[in-house]
Amino acid sequence: MPEEKATLLQRGQSGDRDALQELLAGQQERLYALCLRWTRNPADAEDLAQETLLRGCACLSQLQNSEALSAWLTRIALNIFRNWLAREKQTPLPLEFAEWEKANAGETDETTLERLTVQAALDRLSPELRLAIRLFYLHGLTQNELAALWHLPASTVKGRLDSGRQQMRKELERMGMQVNTTDMAIANTRETEIALPKTRIAITDVNPVQTKALRLALRSDDFTISVISSEELLLHRLRRQPPDILILNAPFGTLDENDALRTLRLDQRLRHIAVIFVVPRVRATDARLFQAWELGVDCFLTDPTNATEIASFARRIDAVRRAADYRTLAIEYAWRRDSARTLVCLHRVSQLGGKEALTTVRDDSAFNYLRGEETFQELFA
C-alpha cells in the first residue's frame, strides 16, 4: 500500500491526471466533512474543500511523503479556513486550532489495523450513506442537525443511518471483524455534548434605524443575525444559507409579502423557515391577513411596532422550534437506550415548551423502558 501511494504521488507530480485522481480519491469527502464542522454551512464547506484540493494540486510538488497526504491537505484547509474567517468576518467555532493541528499532525489513515478495516468498509458504502455515517459518528453531528443541513425529513436521515449501519456491519463481519454493538467501532470519537446549532435569523432591511435596534434586541439572545438589504438578494441569500426565522419588513421594494411567503412554502429547501411579517397598518387588511395565515405565516405584526416586541415573538417561535428538535432527539436517544441523553433532551423540551410540550411524547413506545425510572416520572409530574 505505501509503495502504491508513493508511485501515485510521483506520477501525479509528473502531471499524470489519472494518478492524481486516484491519489485524491476520498479526500474531497473528508475535507468537506471537516470544513462543514468548522463552518456549519454546506455551501461554504463545499467551496473551502474545493479550494483546498485545487491548492493542493497546484502545490503537490512540495509533498515529499505520500503517507502525509491527509495531514498535509488538512493543514492547507486550516489555512484557507482562517483566511475565510478573516475575509467573511465570521465568528470562529470554539475549536483550538493549534492544539488540534498538533494532536493530528502525525496521524495517518493506516495507524491501526482496525482503522484500516473500518475505512475499507466505509469505502464500500454509497457516497450518500458514507457521508451520513462519517458526519454522524466521526464528526458528532446529530440526526436532527443532518436533517437541517440537508433539508430532509428526519425519517430520511434515520433511514440513511440505519442502512449505513447495516451495510457496515456486513462488511466488517465479512472482513473478519467482530461487531457486537450497533454503533460499532466508528463511534469511538463521537462527541457527547447535546447542543443544537445557533438559531439563524434573517432580517429584510427597510428602515436602518429599526434594523439596528432589532439586531441589538435579538443579539442579546445569542442569535446569529444577517441582514438582507435588497429585494433582488432575498431568495439568493435564503437559498445559500437558509435561516431558521425570517423577519420580513414590508414594504420591501416592490415585493408582495404574501407572494414571497407562497414561494417559500413551495420550495422544499425553504419551507422550514418560520416567517414573521411586519406590515404597515394601512396594508394590513382582513383579506391580506387571512391570506397570510392561510399560506402559513408564523406571526403577523402591524407597523408601527418596536424592536423589543418583534424580538419577543422571535423568541417564542424559536422556543417552540427548539423544543420540537429536542423532542426528536429524545426519541432517537431513547431507541438507542441512551438514558442520560434522553432525559437531558426531555428536560430541555420541558424548559423550552413547558409540560404541554412533553405530552406529545409521553405515550411514545420509545420510552417504555424508562417508565419505571423516578427521574423520568418527575418530568411528567
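The values are calculated or read from the model by the stated rules, or taken from the named source; none is laboratory data. Model, not experiment: these values are computed from the prediction. Backbone-built Cβ (ideal geometry, glycine too); neighbour counts: all protein chains shown. Side chains included, ligands, DNA and RNA excluded: accessible areas come from the protein's heavy atoms. Shrake-Rupley method; radii C 1.70, N 1.55, O 1.52, S 1.80 Å.
Which of (1) open to solvent by 30 Å² or more (accessible area, probe 1.4 Å); (2) within 21 Å of Phe223 (Cβ to Cβ); (3) under 25 Å from the mean Cα position of the chain (by Cα); (4) among the aromatic types (Phe, Trp, Tyr) is the odd one out, the single condition Tyr326 does not satisfy?
All conditions pass for Tyr326, except number (1).
Residue under question is Glu101, and the condition is that it be at pLDDT below 70 and open to solvent by 70 Å² or more (accessible area, probe 1.4 Å); does it hold? Before the answer, list the steps.
Working: at pLDDT below 70: yes; open to solvent by 70 Å² or more (accessible area, probe 1.4 Å): no.
So Glu101 does not fit the description; no.
Say whether the condition of being over 23 Å from Arg130 (Cβ atoms), hydrophobic (A, V, I, L, M, F, W, C) and modelled with pLDDT under 75 is met by at least one residue in the stretch 3-17.
no
Between a first residue in the stretch 348-369 that is farther than 16 Å from Ala319 by Cα and a second residue that is part of a loop (DSSP other than H, G, I, E, B) and not hydrophobic (A, V, I, L, M, F, W, C), which pairs have beta carbons less than 7 Å apart while being 6 or more apart in sequence or on different chains?
So the pair list comes out as Tyr369/Arg337.
Kindly indicate whether Thr342 is open to solvent by less than 20 Å² (accessible area, probe 1.4 Å) and among the polar types (S, T, N, Q). Let's see the steps before the verdict.
Details: open to solvent by less than 20 Å² (accessible area, probe 1.4 Å): yes; among the polar types (S, T, N, Q): yes.
Yes, satisfied.
Looking only at residues that are in a helix (DSSP H, G or I) and under 23 Å from the mean Cα position of the chain (by Cα) in the stretch 257-285, which one is nearest to Arg200 (Cα to Cα)?
Leu264
What's the number of the condition Ala292 fails, among (1) over 24 Å from the mean Cα position of the chain (by Cα); (2) modelled with pLDDT under 85; (3) assigned to a helix (DSSP H, G or I)?
Only one criterion is unmet by Ala292, namely (2).
Working only within the stretch 49-67, note down all residues that are over 21 Å from the mean Cα position of the chain (by Cα), open to solvent by 30 Å² or more (accessible area, probe 1.4 Å) and either over 16 Å from Gly12 (Cα atoms) or not hydroxyl-bearing (Ser, Thr, Tyr) (or both).
The answer is Leu54, Arg55, Cys57, Ala58, Cys59, Gln62, Gln64, Asn65, Glu67.
Given (1) open to solvent by 30 Å² or more (accessible area, probe 1.4 Å); (2) free of Cβ contacts under 8 Å to residues at least 24 places away in the same chain; (3) more than 23 Å from the chain's Cα centre (by Cα), identify the lone condition not met by Arg316.
Of everything listed in (1) open to solvent by 30 Å² or more (accessible area, probe 1.4 Å); (2) free of Cβ contacts under 8 Å to residues at least 24 places away in the same chain; (3) more than 23 Å from the chain's Cα centre (by Cα), Arg316 misses just condition (3).
Pull out all pairs, ordered by first then second residue, where Cβ-Cβ is under 6 Å, the residues are six or more apart or on different chains, the first lies in the stretch 31-57 and is on the phi > 0 side of the Ramachandran plot, and the second is not aliphatic (A, V, I, L, M).
Going by the 6 Å Cβ cut-off, the qualifying pairs are Arg40/Pro197.
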